[in-house]
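Below you'll find the structure, written out as structure tokens, and then a few comments.
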Amino acid sequence: MLEPEVEARPSADQFALDDARYRAQLAYLYDHSAFYREKLLPAGFATADAAGVLADIAQLPLTDKREVRATCTPDNPIGAHLCAKRSEIVRIYSTSGTSGSPSYVPLTAGDLDNWVTASARTYAASGIAAGQRIVSTYNAGPFVAGAALAAFDRIGLSHIPVGTGNTERLMRAVEQLTPEAAVLTPSYAAYLVEWAADHNFDLRGSSVKRVLVAGEPGGGEPAFRANLEAAWGAKVTEAMGIGDIGVSLWGECEEQDGMHLGARGFVHAELIEPETGVALEMGDGATGELVLTHLQHRAAPLLRFRTRDHVQVRTSPCSCGRTSLRLRCIGRTDDMLIVRGVNVFPSAVREVVTAFAPAVSGHVLVKPRAPGIRQEPPLPVCVELARGREADAALADAIRERLRSVLVIQSRVDLVPWGSLPRSEYKSKLVERQAEPR
Ligand SMILES: [Zn+2]
């Protein structure tokens with residue numbers, strides 16, 4: 001553990017510390033945040049004291065990204081949640097704009113340092129240690145993922161930045177510089193398995209013994225992970241951040257049983273029912289949308305921020321000794337479909353299909369027929385065959401039956417030839433919506 005006194009701290013002690021930080025953060029919001037004053041006062045919380053303690057947080061309103069964006073003006077393009085002076089801001093990231101045009105994420109020097117601290121705990125949980133080499137495939141670019149790169153220095157790793165989109169360079173670095181670890185998106189890790197097969201590259205025999213995946217859900221799905229681990233000859237652990245809140249907030253330890261909160265003490269986590277916004281009990285196995293609150297942020301702190309990530313919580317003790325909450329991301333709430341009342345995430349469809357390897361390649365594309373979230377069965381699913389496999393009706397039937405028994409949905413499985421679904425060196429697209437009728 002990088003910081004055992006934090007990572008193995010008893011949960012009750014952590015909660016007491018978080019409670020004190022939360023009350024100080026609320027006082028700071030009332031003093032500095034026009035956005036939260038305008039949100040909390042009309043909701044009946046006239047002062048920080050009225051807003052209560054951490055145990056009462058569910059009484060406060062949720063924050064939606066769209067509300068924050070709506071406060072951006074030409075004079076303040078960051079938004080009314082900006083609390084710090086221009087001279088205090090040391091960095092401004094952009095989010096990737098999956099839900100529209102980019103928005104800005106400012107940080108003070110202290111905020112940035114806390115991000116790196118959390119990210120270092122998160123990545124170190126995977127088992128990588130000082131003195132080892134790690135090759136990274138994130139671009140320093142405009143996005144928050146760039147901040148994670150500083151975590152590798154903090155851990156004491158020898159960091160080999162390769163950036164996105166240059167597979168030849170990456171594989172040459174692996175061959176020549178023999179790093180013990182690689183950090184990439186799960187889609188790229190899967191793409192490299194195919195690339196290695198095409199180029200006669202011995203990925204399994206390479207020096208890489210730890211593959212750290214982040215940036216999209218999937219790395220923790222058992223069948224998907226097992227395929228990656230077999231092909232890489234390496235242990236695969238996943239990490240997750242949320243652009244507006246922090247980079248690599250969560251990361252798996254070597255037990256691979258959900259991601260620990262590496263941002264312990266910086267962020268408070270809650271679970272809500274996505275359709276009603278009602279707070280849910282964080283019991284072992286509970287699922288819902290993840291809601292996060294900054295506990296000691298300065299530049300643009302967020303309170304009860306809806307992440308749109310649908311997660312499952314693990315509270316059982318972890319044998320690594322870390323006492324923080326663990327979770328697994330099931331998918332983006334925005335990607336969720338409801339097929340006759342049943343919630344379906346495209347990454348869950350991929351997980352079921354991947355278990356049919358080596359008959360299938362592991363690439364899937366869900367093609368909802370109706371716009372919006374609610375779909376009538378059967379749900380069309382394109383499943384790509386493995387290299388050299390012919391389509392056969394029995395395989396399609398078996399996949400359809402497994403989707404029915406595991407996910408409780410009726411589907412239509414279309415087997416498509418190897419190489420016909422798109423590959424990604426960054427993030428995979430698992431859903432293809434038909435063009436909206438004009
Ligand atoms: Zn653990």
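Quick look at the values:
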{"item": "Mean Cβ neighbour count within 10 Å, used as a protection proxy, ranking 329-335, 168-174 highest first", "result": "329-335, 168-174"}
{"item": "Dipole of the chain, positive end: most advanced residue of Phe35, Met259, Gly220 [Cβ charges, Cα centre]", "result": "Phe35"}
{"item": "Ellipticity estimate at 222 nm from DSSP helix runs (n ≥ 4, -39,500 (n - 2.57)) divided over the chain, nearest 500", "result": "-9000 deg cm²/dmol"}
{"item": "Proxy reagent accessibility, fewest Cβ within 10 Å first, across Trp232, Trp115, Trp418, Trp250", "result": "Trp418, Trp232, Trp115, Trp250"}
{"item": "FRET efficiency for Asp153 and Thr178, using Cβ-Cβ distance with R0 set to 22 Å, rounded to 0.05", "result": "0.65"}
{"item": "FRET efficiency for Asn200 and Glu67, using Cβ-Cβ distance with R0 set to 45 Å, rounded to 0.05", "result": "0.30"}
{"item": "Within-10-Å neighbourhood charge of Ala84 [Cβ basis; K, R +1; D, E -1]", "result": "+1"}
{"item": "Long pairs among Lys367/Lys427; Lys235/Lys429; Lys39/Lys65, criterion Cα-Cα beyond 21 Å", "result": "Lys235/Lys429"}
{"item": "Amide hydrogen neighbours beyond the local backbone of Thr164, cut-off 5 Å, H modeled", "result": "Asn139"}
{"item": "Which of Lys429, Lys39, Lys209 has the fewest Cβ neighbours within 10 Å, and the rest in rising order", "result": "Lys429, Lys209, Lys39"}
{"item": "Principal-axis tilt of helix 222-232 within the chain, Cα atoms, nearest 10 degrees", "result": "70"}
{"item": "Full-extension gain in nm, Asp257 to Trp418, via 0.36 nm per residue minus C-alpha separation", "result": "54.8 nm"}
{"item": "Estimated FRET transfer efficiency when R0 is 41 angstrom, pair Ala109-Asn166 (beta carbons, to 0.05)", "result": "0.80"}
{"item": "Cα-based helix-to-principal-axis angle, 11-32 vs the chain, degrees rounded to 10", "result": "60"}
{"item": "Packing-based ranking, highest mean first, of 56-64, 73-81 given that Cβ atoms within 10 Å are counted", "result": "56-64, 73-81"}
{"item": "Segment 1-149 shape via C-alpha gyration tensor axes, a/c threshold 1.5", "result": "oblate"}
{"item": "Label point distance in nm, Ala223-Asn139, each placed 7 Å from Cα along Cα→Cβ", "result": "3.4"}
{"item": "Peptides ranked, highest mean first, by Cβ atoms within 10 Å: ranges 401-413, 359-371", "result": "359-371, 401-413"}
{"item": "Cβ-based exposure ranking for Ser420, Ser87, Ser428, Ser206, in which fewest neighbours within 10 Å come first", "result": "Ser87, Ser420, Ser206, Ser428"}
{"item": "Loop-located trypsin sites (Lys or Arg not before Pro) in segment 212-283, at most 16 other Cβ atoms within 10 Å (DSSP)", "result": "none"}
{"item": "Between segment 297-316 and segment 379-416, the alpha-carbon center distance in angstrom", "result": "35"}
{"item": "C-alpha long axis of helix 186-198 to longest principal axis of the chain, angle in °", "result": "30"}
{"item": "For segment 170-246 and segment 56-75, distance of Cα centres in Å", "result": "36"}
{"item": "Sparsely packed trypsin sites (Lys or Arg not before Pro) within segment 74-165, loop by DSSP, other Cβ within 10 Å at most 10", "result": "Lys85"}
{"item": "Environment charge of Ser420, counting only residues whose C-beta is closer than 11 Å and scoring Lys/Arg +1, Asp/Glu -1", "result": "-1"}
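Read-outs: derived from the displayed coordinates by stated rules, not from any lab. Please read all numbers here as calculations on a predicted model, not as lab measurements. Note: ideal-geometry Cβ built from the backbone for every residue, glycine included; neighbour counts use all protein chains shown.
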